[in-house]
């Protein structure tokens, strides 16, 4: 696996090169955003580790540039590598296109595991070894929520409810798929965390951030129905669940 790190901390980068090599990960390093963006254009990487506090421009701006581009790098898994990983920072980062957050300092095995998880998630469920609930061949899952059809399009990463379509990221679509296929039953945070590729090593608050982001998109699209319900201390469910198909 080949990973690019954009970080102006040279000592940290040199240390990570040695550490990750022990796990079979080749780490390339760029000290500035401009150098990193050039490398992304010229080379193929499996994952990008991106520091948030950088010269030239901050990590959020770099992430937006990558996601708004038209080259193959626009879909690369991006992990924010930062000393600040609070709720506000996570929401801002996820809205900018980050796939995950890792707070500095990090234990090497955790870093390796998170790199592996976002890489597998982008390759798709068949590479994770996890059993997926079958869906129709057209990639649609349907259920009834609050008396109206709720349809998830797993190919286009979007769902519709009451005639309104909401576009999502692949990670958000994975969360919605887990909730819809539970047919109104509560899905705990650990299960959702496993679904999006974090296994037992992730922070369960990451699930709350993803749910928050989905709800923001729902409101922005004009949907008033709060069909994603919070079950205190446990997890989430779709309101008035019917039979998924």
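Given their separation in residues at 0.36 nm each and the Cα-Cα distance between them, residue 70 and residue 185 gain 37.4 nm when the chain is fully extended. Taking 7 Å steps out from each Cα toward its Cβ at residue 19 and residue 226 produces label points 4.1 nm apart. Within the stretch 2-123, the proportion of C-alpha pairs whose separation exceeds 19 Å stands at 40%.
In the stretch 140-238, one over the average inverse separation of all distinct C-alpha pairs is 13.4 Å, which is the Kirkwood hydrodynamic radius.
Computed from the coordinates by the stated procedures, all read-outs in this text should not be read as laboratory data. None of these values were measured; they are calculated from a predicted model. Counting neighbours? That spans all protein chains shown, and the Cβs are built from the backbone with ideal geometry, glycine included.
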